[in-house]
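Colleague: Structure provided below as structure tokens; questions to follow.
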């Protein structure tokens, strides 16, 4: 399986970067996701919304990439919010305790508004 990664900037002064992911995030596709997030942080984007609406599967490698991105933006007083309504994906964040670390929202608008 493959992952499609798109990055866009929201309108407005907040300058939030939205990363749209489509596919499966696993040991094979995680490097592409990590590269995108790392590149954004290196360019000074510290407010990130990662849209997981079209993600069908995420494994521990994918979770590690998200945690790594969160750690890096926090070094710059930034944050990462996730958009996720898929019950299976949300359950993974609940079981691992990551739901307490990431802001998880039902819509991109809600995630951006809270940054």
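The values are calculated or read from the model by the stated rules, or taken from the named source; none is laboratory data. Quick caveat, the model's predicted, so the values are computed rather than measured. When we count neighbours, we look across all protein chains shown, and the Cβ atoms used for this are built from the backbone with ideal geometry, even at glycine.
Colleague: Tell me, yes or no, whether segment 63-76 has at least one residue that is under 12 Å from the mean Cα position of the chain (by Cα), without any contact (Cβ under 8 Å) to a residue 40 or more places away in the chain and more than 24 Å from residue 15 (Cα to Cα).
Modeller: Yes, segment 63-76 contains a residue that is under 12 Å from the mean Cα position of the chain (by Cα), without any contact (Cβ under 8 Å) to a residue 40 or more places away in the chain and more than 24 Å from residue 15 (Cα to Cα).
Colleague: Still on this structure, please answer the following. Output the strands (runs of 3 or more DSSP E) that fall wholly within segment 1-97 and possess 2 or more residues being touching a strand residue (DSSP E or B) at 6+ places or on another chain (Cβ under 6 Å) and surrounded by fewer than 19 Cβ atoms within 10 Å (Cβ to Cβ), or say none.
Modeller: Where strands (runs of 3 or more DSSP E) fall fully within segment 1-97 and carry at least 2 residues being touching a strand residue (DSSP E or B) at 6+ places or on another chain (Cβ under 6 Å) and surrounded by fewer than 19 Cβ atoms within 10 Å (Cβ to Cβ), they are 3-9, 17-25, 47-58.
Colleague: Considering segment 13-44 alone, what residues qualify as being closer than 19 Å to residue 83 by Cβ and modelled with pLDDT under 95?
Modeller: Selection gives 14, 15, 16.
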